[in-house]
Amino acid sequence: MNELEIRLERLRSPEVRERVEDGWRTVLFACGAVEQHGPHLPLFMDTEFGSHMAVEVARRLGRVLVAPTIQVGVSEHHMAFSGTISLRQETFEAIVTDYVASLARHGFERMLILPTHGGNFAPLVEMEGRLQAASGEAVVAIYTDLIGLIELFRDEAEAELGLGDRIGGHADLAETSIMLSLHPELVRPDLAEAGVQAELTEDVIARIIRDGLDSVTPNGILGDARGATAGLGTRIIAAFATEAANFFQSA
């Protein structure tokens, strides 16, 4: 028996209307990025991770539809690296605003937003009140704990491989393992290397946003990408999906 389709864009319009009328009034979408992820990972890491995570979280919540991932995010701090595409913060806000306004008009009463690119967290926090206003009576909930997410990755890496110290927040052991789990054919483990290994504090994040990631790490890696496994990636996906589902249930 096939699992019930929950991805909005794969449904027909009458099917969406029927779901809403049947009480499926929560919709979730991820906000990713198309940007460099070191010499070994593809540019769509955050977007592909977001699309996968959105489905995993929605399945845990139940009776939740998944809207298409916003594929390009706020990535100006990655523009020193070839291939990165970035939206201005005001452009990103306009897109997210139009998303929630459109979905509210179709009868969705809860909008759940899951950023899977670090540069989208602060802009989403800053615009949260305006998004709430744009959604009318619907409730907007955004997962915003970037530091906590990095800690979750670190805990899982330590428990699985004893390599928690290789988690740095970008193109590291965690993200390499996630992509090995999702698309191993797109990963170049032979090019995986160590980057800058510094604790990802609010001050470090502020410097990266202000001066660019290349001012902190020449190869675009925060942490260490070596030693990644698909098994760790699968474990991280499950742990993050459970964490995010619990957050949205209580939001």
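The values are calculated or read from the model by the stated rules, or taken from the named source; none is laboratory data. None of the values given here were measured: they were computed from a predicted structure. Ideal geometry is used to build each Cβ from the backbone, glycine not excepted, and the neighbour counts take in all protein chains shown. Ligands, DNA and RNA are stripped out before the accessible areas are found, and what is left, the full protein with its side chains, is counted by its heavy atoms. Shrake-Rupley method; radii C 1.70, N 1.55, O 1.52, S 1.80 Å.
Things to note:
- One residue from Asp155, Asp145 being within 20 Å of the chain's Cα centre (by Cα), under 24 Å from Glu93 (Cβ atoms), open to solvent by 50 Å² or more (accessible area, probe 1.4 Å) and not hydrophobic (A, V, I, L, M, F, W, C): Asp145
- Criterion (touching a residue at least 12 places away in the same chain (Cβ under 8 Å), loosely packed, with under 14 Cβ neighbours inside 10 Å and either of a type outside the set (Phe, Trp, Tyr) or part of a helix (DSSP H, G or I) (or both)) met by exactly one of Glu48, Glu3, Glu15, Glu9: Glu9
- Considering region 98-126, and only residues there that are free of Cβ contacts under 8 Å to residues at least 40 places away in the same chain and under 23 Å from Met79 (Cα atoms), the residue that is surrounded by the fewest Cβ atoms within 10 Å (Cβ to Cβ) turns out to be Glu126.
- One residue alone among Asp224, Asp172 is surrounded by 15 or more Cβ atoms within 10 Å (Cβ to Cβ), closer than 13 Å to Gly118 by Cβ and at pLDDT 95 or above, and that residue is Asp172.
- Any hit, region 49-61, residues being over 15 Å from Ala241 (Cβ atoms), basic (Lys, Arg) and over 16 Å from the mean Cα position of the chain (by Cα): no
- Selection of region 205-251 for residues being in a helix (DSSP H, G or I), among the aliphatic types (A, V, I, L, M) and free of Cβ contacts under 8 Å to residues at least 24 places away in the same chain yields only Ala206.
- Among residues of region 211-221, those that are hydrophobic (A, V, I, L, M, F, W, C) and open to solvent by less than 10 Å² (accessible area, probe 1.4 Å), counted: 2
Okay, residues lined up against (1) among the aliphatic types (A, V, I, L, M); (2) open to solvent by less than 40 Å² (accessible area, probe 1.4 Å); (3) within 30 Å of Leu112 (Cβ to Cβ):
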residue: Gly168; (1), (2), (3): no, yes, yes
residue: Ile178; (1), (2), (3): yes, yes, yes
residue: Pro184; (1), (2), (3): no, no, yes
residue: Glu202; (1), (2), (3): no, no, yes
residue: Ala206; (1), (2), (3): yes, no, yes
residue: Ile209; (1), (2), (3): yes, no, yes
residue: Ala228; (1), (2), (3): yes, yes, yes
residue: Ile236; (1), (2), (3): yes, yes, yes
residue: Ser250; (1), (2), (3): no, no, yes
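The rows are residues; the columns are (1) within 17 Å of Ala228 (Cα to Cα); (2) free of Cβ contacts under 8 Å to residues at least 12 places away in the same chain; (3) of a type in the set (Lys, Arg).
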{"residue": "Leu149", "(1), (2), (3)": "no, no, no"}
{"residue": "Leu163", "(1), (2), (3)": "yes, no, no"}
{"residue": "Gly169", "(1), (2), (3)": "yes, no, no"}
{"residue": "Leu173", "(1), (2), (3)": "yes, no, no"}
{"residue": "Thr176", "(1), (2), (3)": "yes, no, no"}
{"residue": "Met179", "(1), (2), (3)": "yes, no, no"}
{"residue": "Glu199", "(1), (2), (3)": "no, yes, no"}
{"residue": "Asp203", "(1), (2), (3)": "no, yes, no"}
